[in-house]
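S.K.: A single structure is presented below for examination.
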Amino acid sequence: MGDRLVHHGEATKKAARPRLAVFKFASCDGCQLSILNLEEDLLALGQALDIAYFPEASSDMKPGPYDIGLVEGSITTAEDAHRILSIRRQTKVLITIGACATAGGIQALRNWADVEAFKQVVYPSPEYIQSLSTSTPISEHVQVDFELWGCPIDKGQLLRVITDLIAGIQPRLPADSVCLECKRRGNVCVLVAKGMPCLGPVTRIGCGAICPGMGRDCYGCFGPSEGARKGPGLPPNTASLAKHFHGGLQLIPIEIMRRFRGINGYGSSFLAESNAWEKKT
């Protein structure tokens with residue numbers, strides 16, 4: 001992938017810096033703020049990259065094409081679905097950042113609801129609301145080269161991916177579970193020791209095991225541990241964990257369904273498990 005950007009050697013001295021663009025769809029802007037929170041590292045990236053389009057950070061928005069495109073947010077309108085096609089055409093390497101862009105986000109809860117009924121209740125003139133009945137990840141509309149999971153993303157992961165691309169190295173994203181991070185930190189397992197319905201065994205690494213480290217159960221903010229559609233790992237054993245929630249922790253089916261149907265509920269493994277338990281409610 002790196003050879004699509006910039007090469008080392010004499011040619012590099014004369015070549016323009018790779019052009020970076022950051023795009024937003026339906027989201028809270030938290031992942032874009034994670035980019036800004038790179039602080040001094042962002043200044044260093046600015047020396048290696050031409051940050052050509054980033055409305056959150058600058059009003060100087062340059063047209064494409066772009067070498068690297070970061071996309072935050074899910075597709076929730078017909079206009080969104082059209083715009084992402086245009087972005088894909090003018091971007092060499094497209095990276096989705098955050099739960100909304102990779103799994104539809106918390107707004108994907110609409111995928112199991114009557115959106116038209118919501119409009120009638122919330123808006124005085126619902127006929128003016130132009131919205132799709134679903135919230136879907138970017139990968140359902142265009143080819144995605146890399147996916148950075150999390151709500152929000154881990155800025156360290158983002159920095160490594162971008163620097164790898166600049167250096168011509170194929171980025172490698174982690175696909176282990178949060179349990180590995182808990183072991184590294186020496187955390188007491190809240191699932192075993194406290195009987196909490198922790199999603200850590202089936203959730204992708206990257207958060208630093210923040211919640212278990214505070215004695216709380218993981219709620220899956222970094223998505224299924226195999227990275228849903230494109231990850232290199234095996235699918236997480238959500239069925240075994242859900243069975244323990246039910247038989248060992250005495251959760252009723254609707255509680256299990258809701259456990260998997262959260263921030264990353266439209267990620268393939270979580271989606272399949274929540275649908276299975278919905279049938280038992």
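S.K.: Considering only residues that are among the β-branched types (Val, Ile, Thr) and surrounded by fewer than 19 Cβ atoms within 10 Å (Cβ to Cβ), which ones fall in region 167-180?
M.R.: Ile169
S.K.: Still on this structure: Give the residues of region 171-218 that are in contact with a Pro (Cβ under 9 Å, 6 or more places away or on another chain), of a type outside the set (A, V, I, L, M), part of a loop (DSSP other than H, G, I, E, B) and more than 23 Å from Thr96 (Cβ to Cβ), sorted by residue number.
M.R.: Asn187, Cys189, Cys198, Asp217 - these are the residues of region 171-218 that are in contact with a Pro (Cβ under 9 Å, 6 or more places away or on another chain), of a type outside the set (A, V, I, L, M), part of a loop (DSSP other than H, G, I, E, B) and more than 23 Å from Thr96 (Cβ to Cβ).
S.K.: Related question: Out of all the residues in region 38-73, which are in contact (Cβ under 8 Å) with a residue 60 or more places away in the chain and over 21 Å from the mean Cα position of the chain (by Cα)?
M.R.: Asp41, Leu45, Ala48, Leu49 - these are the residues of region 38-73 that are in contact (Cβ under 8 Å) with a residue 60 or more places away in the chain and over 21 Å from the mean Cα position of the chain (by Cα).
S.K.: Let me ask another. Go through region 230-281 and tell me which helices (runs of 4 or more DSSP H), entirely inside it, have 1 or more residues that are touching a Phe, Trp or Tyr at 6+ places or on another chain (Cβ under 6 Å) and more than 20 Å from Gly195 (Cα to Cα).
M.R.: The helices (runs of 4 or more DSSP H) meeting that bar are 268-278.
S.K.: Also: Could you list all residues from region 125-136 that are more than 23 Å from Trp277 (Cα to Cα) and in a loop (DSSP other than H, G, I, E, B)?
M.R.: Result: Ser125, Ile129, Gln130, Ser131, Leu132.
S.K.: From the list Pro124, Pro137, exactly one residue is crowded, with 18+ Cβ neighbours inside 10 Å and not assigned by TED's automatic domain parsing to the domain that holds Cys221. Which is it?
M.R.: Pro137
The values are calculated or read from the model by the stated rules, or taken from the named source; none is laboratory data. Only a predicted model underlies this, so the values are computations on that prediction, with no experimental measurement involved. Counting neighbours? That spans all protein chains shown, and the Cβs are built from the backbone with ideal geometry, glycine included.
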